[in-house]
Amino acid sequence: MARSTADPGARNELAPIVLSVVREHRRRPGYRLLAEDEFAIRLVARAGHLAGRAVANDPSLREQLARLAQNICAETLCQACLSPNPREQNQGYAELGAYLYRLAFNALKRQGRPTDLAEDCTQEALRQVWQHIERCREPGAFLRWAAVIQMRIVQRHLRRQRDDLLLPEED
């Protein structure tokens with residue numbers, strides 16, 4: 001196992017920032033599968049190359065840590081959804097469903113559309129993810145992949161609604 005060459009003092013400077021990023025991400029739907037301490041350990045392990053920047057108070061450090069945290073969450077969620085253990089798989093899809101619902105709800109709200117469609121879109125997206133999960137080649141991109149599926153479904157439903165409004169009434 002390779003040992004980090006980062007200054008231990010710099011890693012100590014990184015710790016409060018990592019903990020803050022972890023806590024921020026764990027409040028969001030889709031990010032609760034890892035315990036806070038396990039999440040922080042994984043993030044510190046991936047962020048070792050950033051440790052020296054913590055001392056320099058680099059403003060982009062938090063953004064880089066957030067991207068690493070998103071990758072960790074996506075990988076964990078993908079693993080849970082692929083798990084042969086039904087309990088883990090159910091937890092994974094429940095977390096994914098909460099994440100996808102929020103995406104659909106916010107997209108519909110921004111467009112001034114009824115948000116009750118969010119639940120139907122989310123159920124359809126979860127079904128498609130479940131059926132085609134092997135198509136996601138990169139676990140770190142799992143959330144983005146699932147979000148693309150969700151947003152395509154939302155757009156398709158909105159087009160259907162629009163087209164239904166444009167159809168002439170029959171006599």
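Observations on the structure shown:
- Of the listed requirements (1) at pLDDT 95 or above; (2) under 13 Å from the mean Cα position of the chain (by Cα); (3) surrounded by fewer than 18 Cβ atoms within 10 Å (Cβ to Cβ); (4) not β-branched (Val, Ile, Thr), residue 130 misses just one: (2).
- Boolean, residue 33 is within 16 Å of the chain's Cα centre (by Cα), over 22 Å from residue 153 (Cα atoms) and at pLDDT below 90: yes
- The helices (runs of 4 or more DSSP H) falling completely within the range 67-171 that include 3 or more residues that are within 21 Å of residue 22 (Cβ to Cβ) map to 86-110, 142-166.
- Boolean, residue 102 is of a type in the set (D, E, K, R) and in contact (Cβ under 8 Å) with a residue 40 or more places away in the chain: yes
The values are calculated or read from the model by the stated rules, or taken from the named source; none is laboratory data. Everything numeric here is computed off the predicted structure, so don't read it as measured data. Neighbour counts are summed over all protein chains in view; Cβ atoms, including those assigned to glycine, are modelled from backbone coordinates with ideal geometry.
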